[in-house]
Amino acid sequence: MSRLSPTDFAAHGPLRVGLIGFGCVGQGFYDILEQLPNAEVSVARIAVKSPTKARPLPAERFEFNADALVHDPTLDVLVELIDDAEEAFRLVSTALRLGRHVVTANKAMLARNLPALLRLERKHGGTLLYEAAVAGSIPVLRTLDAHFGAEPLLAVRGILNGSSNYVLSCMAEQGSDYATALHEAQALGFAETDPTLDMAAFDPRSKAVLLAAHAFGLLVPPERVLNLGIENVTAADIAFARSQGQKIKVVADVRRHRSGAVSVLVTPQLVAADSPFYTVEREANGVEATAAFGGPQFWRGAGAGGHPTGSAVLADVLALRRGCRYRYAKLRPEAEVRLAQNLELNIYLRHPDEAVVGEALDWLGLPGAALAADAGGPYATGTVPLTTLLAWRDDLRARGIFVARTGEVRKAAQSILLNSAVAAETAA
Ligand SMILES: NC(=O)c1ccc[n+]([C@@H]2O[C@H](COP(=O)([O-])OP(=O)(O)OC[C@H]3O[C@@H](n4cnc5c(N)ncnc54)[C@H](OP(=O)(O)O)[C@@H]3O)[C@@H](O)[C@H]2O)c1
């Protein structure tokens, strides 16, 4: 039954899982269970979408109405692994209203709806775990939530998207062009169904939102978080980074400033050889957490793919057996966290047409910034407020301009109160 206590779970034999979605991650999770019979987890029902798709299991294993699983009281755990964030929210929120135990990997759904999901979890006594939603196989969320529950964190940074990292590695190591490298990442199953989510950094933005909640107790709506991607990256950018002894990586940066406010952003960044991110290649992810007393710690692991992600899903399912739930220790009503507002970012931007670079500098309020040029064509560098980049993000992307950070996030004296506003919005 869905409301079993940890003790009941232990007593009643293999956990009966309702698996919703049998794509890359669903199949990875299923395959791991086949190889680990001692895990005592059995997939009792599987729901998918398309009745006509060829499947690796007999047709009678599949059904096409996920709601039937959500409402099946004989299932102990629902594992939601579909590629549709809206439908996933409908299914997961219905399950939580019924007090069910749910495991999901759907970071887009979680990032958009975290306050509402937390309320449902608390109100109806169910459980929601989602380790697989951030950094694939790396157990980052539970570590932040449990191990660092009391100790203040100063920063959590990460390469959180295996597909864009794979593309950047192929371009740097093999000299592949962007389209070829992306095609390769898709063929290997690392990319989301919609590659824009990966390449324009919407996917790591969702993950940064989840990190902000667990590491700092900040509930930030994803649209308030700057995400710059690599859709416009070219060989000229890779060569520029190399000429500086650096590499381009898409880095999520969540940090507490001296004012106490927290900033959250995801952008390409030029990283030097002494950065732990410099050697995170291909589909790997890397996360660095800097704790007030423990100092910096770095984890590296597979960030995507059926087995690595399925392994994190299984860890959550087994954690349910032990009665685990996230504590959200930093998310306390009396400890309102502010979103930092007035960051300044050092950036590099490039486009093959000098006039377009000039146009971008006007947009960003950098008319005086000196244009430079190298063998790859014109580029510019300068310091820009985060809010300006947020305002022009879509135009920069549409115009084919590549933008990367060249240094650390600076200054954040101003901030806004967010959690109570977000909670009020989602309660409405
Ligand atoms: N791929 C990764 O490496 C990775 C890593 C971390 C997290 N994730 C997350 O894990 C989730 C699944 O990703 P994926 O790569 O496994 O996706 P996928 O390969 O595209 O598979 C999606 C699965 O969901 C099923 N589905 C879609 N809508 C459904 C519905 N309404 N009812 C029942 N089933 C439905 C599809 O059914 P059909 O088979 O009939 O099409 C398919 O089996 C996503 O939230 C993704 O963001 C993925």
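At-a-glance table
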quantity: Output for region 158-185, where each listed residue is touching a residue at least 40 places away in the same chain (Cβ under 8 Å) and open to solvent by 30 Å² or more (accessible area, probe 1.4 Å); calculated: Ala172, Glu173, Gly175, Asp177, Tyr178
quantity: Qualifying residue in region 300-312 (condition: modelled with pLDDT under 95 and assigned to a strand (DSSP E or B)); calculated: yes
quantity: Residues satisfying the stated conditions in region 122-138, i.e. buried (at least 19 other Cβ atoms within 10 Å of the Cβ) and at pLDDT 95 or above; calculated: Gly126, Thr127, Leu128, Leu129, Tyr130, Glu131, Ala132, Ala133, Val134, Ala135, Ile138
quantity: Residues of region 211-239 satisfying the condition of being assigned to a helix (DSSP H, G or I) and crowded, with 23+ Cβ neighbours inside 10 Å; calculated: Leu211, Ala212, Ala213, His214, Ala215, Phe216, Asp237
quantity: Qualifying residue in region 318-325 (condition: open to solvent by less than 40 Å² (accessible area, probe 1.4 Å), of a type in the set (Gly, Ala, Ser) and within 14 Å of Phe402 (Cα to Cα)); calculated: no
quantity: Residue list for region 161-180, restricted to those being within 24 Å of Ala108 (Cα to Cα) and either assigned to a helix (DSSP H, G or I) or aliphatic (A, V, I, L, M) (or both); calculated: Gly162, Ser163, Ser164, Asn165, Tyr166, Val167, Leu168
quantity: Residue satisfying condition, being in contact with a strand residue (DSSP E or B) (Cβ under 6 Å, 6 or more places away or on another chain), more than 9 Å from the ligand (Cβ to nearest atom) and of a type in the set (Gly, Ala, Ser), within set Ala95, Ala68, Ala59; calculated: Ala95
quantity: Tyr278 in a helix (DSSP H, G or I), open to solvent by 10 Å² or more (accessible area, probe 1.4 Å) and more than 24 Å from His257 (Cβ to Cβ); calculated: yes
quantity: First in region 352-365 and in a helix (DSSP H, G or I), second anywhere and buried (at least 17 other Cβ atoms within 10 Å of the Cβ) and of a type in the set (Val, Ile, Thr), Cβ under 7 Å, 6 or more apart; calculated: Val356/Ile401; Ala360/Ile401
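The values are calculated or read from the model by the stated rules, or taken from the named source; none is laboratory data. Just so we're clear, the structure is a prediction, and the values are computed from it rather than from any experiment. A quick note on method: Cβ atoms are made from the backbone with ideal geometry, for glycine too, and the neighbour counts reach across all protein chains shown. Just so you know, the surface numbers come from the protein's heavy atoms only, side chains and all, with ligands and any DNA or RNA stripped out. Shrake-Rupley method; radii C 1.70, N 1.55, O 1.52, S 1.80 Å.
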